[in-house]
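Asks: Once you've had a glance at the structure underneath, I'll fire off some questions.
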Amino acid sequence: MPQETVSDAAAAPSIVIVENVMKRFGAFTALNDVNLAVGKGEKIVVCGPSGSGKSTLIRCINHIEKHDGGRIIVDGVELSHRLADINSVRCEVGMVFQSFNLFPHLTVAENCMLAPMKVRGISQVEARDRALGLLRKVRIHDQADKYPAQLSGGQQQRVAIARALCMQPKIMLFDEPTSALDPEMVKEVLDTMVELAREGMTMVCVTHEMGFAREVADRVVFMDRGCIIEQADPETFFRAPRTERAKGFLSQIIH
Amino acid sequence: MFGVLFEQTADGQRYIDWLLSGLGWTLALAFFGWWIAFGIGVIVGVGRTVQNRFFSVLARLYVEIFRNIPVLVQMFLWYFVLPEVVPSALGDAIKQIPPPWASFFPALLCLGLYTAARIAEQVRAGIEALPRGQIEAASALGLGGYLTYRYVIVPQALRLIVPSLTSEVMGIYKNTSVALTIGLMELTAQARQISEATFQTFSAFGAATIIYLCLALIAYQAMTFIDKAVRIPGSSPVKLTPDQDLAADMQQGTLPGAMEAVK
């Protein structure tokens, strides 16, 4: 029952803790005193108008952006600005970008094998086995020896998901994974994400795909102007948003 | 016209042998100089882009010094000045090097280091042209600075700059002619020697010119081949279709302003 999943997830120990986090870009405050705890196995959808800080928030979780204040603790390691901490955290946190960011000079399989071999230190044979296994899971293993530019956007994004999974992360971050895709390719990527969610992966997704949020999210977090304004389970959030800003936002994206 | 090249020289060779020997030195200088330049150029170019201020300032300094001193002056510095400024034991050792090598090594160093500064700037430009997302994706996978440069950034940047490196290949082999000023008997020096021995100035330098031109064409073809060989499958260079061609526009007079110009 969905209701139980929510409470289970809430009771689980937090794998990501964001405490009073501040982030400024010059005079612009991107994150203003943000607090968020992500339970193990929990699926969170972050939404909000553009410029609200949702991407910045998840980019801070793996330290692609440096937070200026507050604390971020991932899997028990506090993200100080020390390199060793950052790299150990990044190994446990997979990230999927809006623009895929595959390495164009490497084949699909090599994209998936690079980090496991060079960072985790596994053998080439093992890395390829793992890569092919995960490419099979995202239903793209027959393209393993092609280059990213030879694939469609949806296929590239699924490769990007497989590449992140090859590091066997404990958490997956998705930064608007379907926003750069042609409409007919959105579904194949979302299906992959749904499947991943069903397997119990901890996920934080920035997305405007409200169907996806309804289907898998344990919690929807709504951000505006660098703050978390509202968070609730998707049913409550979509049916009865509490704040005016959330109502305004929902009325614009749900036609 | 080039008949003189096949005449006997005073030392029993033919003049063309002088030219070929000169060509050998030119090629040796350009070839080995290129690898020095490429190796140092990539390292310094990467150094220009790293976060660490010490290394980026050092790399900047290298580029500014070696790029902004005329090659001829650098040639003299390595050949005449270096043996005087190093400890005298080392200076004496340098002066003991037997003739062709005594000119060859300073020339090699000079051209290698000078061209390296130019290549470094292109490597930097190539690195800066890469989308930020590439670095972010590498970071997100836990790749550290060295691994990111080694496997993600440099391989892509080098592919980007192959066309502009063509100019550097041509540049270094043309600059080898400066080595004649420190006594290396490379192609230009040999042409001059033939001209002085035979007074056939036109034939001597004409032959050298043709050889330089042929080398340029070979270098160009080789670089085009490399460019094709390392091109990433699925990506293609920007090409206009025939109907977008500028020449076609001009012929049809559809180029903005072209009609007015014709009237």
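The values are calculated or read from the model by the stated rules, or taken from the named source; none is laboratory data. Being a predicted model, the structure only gives us computed values, none of them experimental. FYI the Cβ positions are ideal-geometry reconstructions off the backbone, even for glycines, and counts take in every protein chain you see. Protein only, heavy atoms only, side chains kept; ligands, DNA and RNA dropped before computing areas. Shrake-Rupley method; radii C 1.70, N 1.55, O 1.52, S 1.80 Å.
Asks: As an exercise, use a Förster radius of 56 Å and the Cβ-Cβ distance of A:Arg225 and B:Leu27 to find the FRET efficiency, rounded to the nearest 0.05.
Replies: The pair A:Arg225/B:Leu27 has a calculated efficiency of 0.30.
Asks: According to a simple spin-label model (label point 7 Å from Cα along Cα-to-Cβ), what is the distance in nm between B:Ile218 and B:Arg132?
Replies: Each label point lies 7 Å from its Cα, and together they span 4.7 nm.
Asks: Considering only C-alpha atoms, what is the centroid distance from the stretch A:52-112 to the stretch B:1-23, in Å?
Replies: That distance is 67 Å.
Asks: Can you pull the one-decimal nm distance between simple spin-label points at A:Arg214 and B:Tyr146, each 7 Å off the Cα toward Cβ?
Replies: Inter-label distance under the simple model: 5.2 nm.
Asks: Checking the a/c ratio against 1.5 first, then a/b against b/c, what shape does the Cα gyration tensor give for the protein assembly as shown?
Replies: Because a/c hits 1.5 or more and a/b exceeds b/c, the protein assembly as shown counts as prolate.
Asks: Something else about it: Check every DSSP H run in chain B and write down those whose alpha carbon atoms cover 20 angstrom or more along the long axis and whose mean Kyte-Doolittle hydropathy is 0.0 or greater.
Replies: B:15-49, B:53-68, B:99-129, B:201-230
Asks: Among the lysines, which have Cα under 18 Å from the Cα of B:Lys228 when same-chain residues fewer than 8 positions away are ignored?
Replies: Once the sequence-local lysines are set aside, what remains near B:Lys228 is A:Lys146, B:Lys239.
Asks: Which lysines have a Cα lying under 26 Å from the Cα of A:Lys54, excluding residues fewer than 8 positions away in the same chain?
Replies: Here the lysines satisfying the reach criterion relative to A:Lys54 are A:Lys23, A:Lys40, A:Lys43, A:Lys66, A:Lys170, A:Lys187, A:Lys247.
Asks: Mind listing P(r) for chain A? All alpha-carbon pairs, 10 Å bins, whole percents.
Replies: 7, 30, 36, 21, 4, 0
Asks: Taking the full set of protein chains and a 1.4 angstrom probe, give the accessible area of B:Met1 in square angstrom, rounded to the nearest 10.
Replies: Rounded to the nearest 10, that gives 140 Å².
Asks: Now for a different question. When a/c is below 1.5 the answer is rounded, else prolate if a/b is larger than b/c, else oblate, so apply that to the stretch B:12-232 with a ≥ b ≥ c taken from the square roots of the Cα gyration tensor eigenvalues.
Replies: The shape class here is oblate.
Asks: Please state the relative contact order of chain B as a whole percent: Cα pairs under 8 Å, 6+ residues apart?
Replies: 25 percent
Asks: Can you tally the net charge around B:Ser21? Count Lys and Arg as +1, Asp and Glu as -1, for every other residue whose Cβ sits under 15 Å from the Cβ of B:Ser21.
Replies: Residues near B:Ser21 contribute -1 overall.
Asks: DSSP beta bridges in chain A, what fraction antiparallel, as a percent rounded to 5?
Replies: Just about 55 percent of them are antiparallel.
Asks: Tell me, how many Å apart are the Cα centres for the stretch B:24-82 and for the stretch A:147-170?
Replies: After rounding, the separation between the Cα centres reads 40 Å.
Asks: While we're looking at this one, here's another question. What FRET efficiency, computed as 1/(1 + (r/R0)^6) with R0 = 22 Å and r the Cβ-Cβ distance, is obtained for A:Ala37 and B:Gln51, rounded to the nearest 0.05?
Replies: 0.10
Asks: Also: Just want to confirm a number: the relative contact order over the stretch B:1-134, from Cα pairs under 8 angstrom separated by 6+ residues, in percent.
Replies: 37 percent
Asks: Further question on the same structure: To the nearest hundred square angstrom, how large is the accessible surface buried between B and A, total for both chains, probe 1.4 angstrom?
Replies: Its buried surface, counting both partners, is about 1900 Å².
Asks: Let's test the formula: R0 of 35 Å, r as the Cβ-Cβ distance of B:Asp17 and B:Val85. What FRET efficiency results, to the nearest 0.05?
Replies: With R0 = 35 Å, the Cβ-Cβ based efficiency is 0.35.
Asks: Sticking with this one: Starting from the Cα-Cα distance between A:Thr243 and A:Leu83, subtract it from 0.36 nm times their residue separation and give me the gain in nm to one decimal.
Replies: Taking 0.36 nm per residue and subtracting the Cα distance, the gain is 53.6 nm.
Asks: By how many nm would the segment from A:Glu199 to A:Ala27 lengthen if fully extended, with 0.36 nm per residue of separation less the alpha-carbon distance?
Replies: 57.7 nm
Asks: Using a loss threshold of 20 Å², tell me which positions in the stretch B:129-143 are less accessible in the complex than in their chain alone. Probe radius 1.4 Å, ligands and nucleic acids ignored.
Replies: Relative to the lone chain, where solvent access is computed with a 1.4 Å probe, the stretch B:129-143 loses at least 20 Å² at B:Gly133, B:Gln134, B:Glu136, B:Ala137, B:Ser139, B:Ala140, B:Leu141, B:Gly142, B:Leu143.
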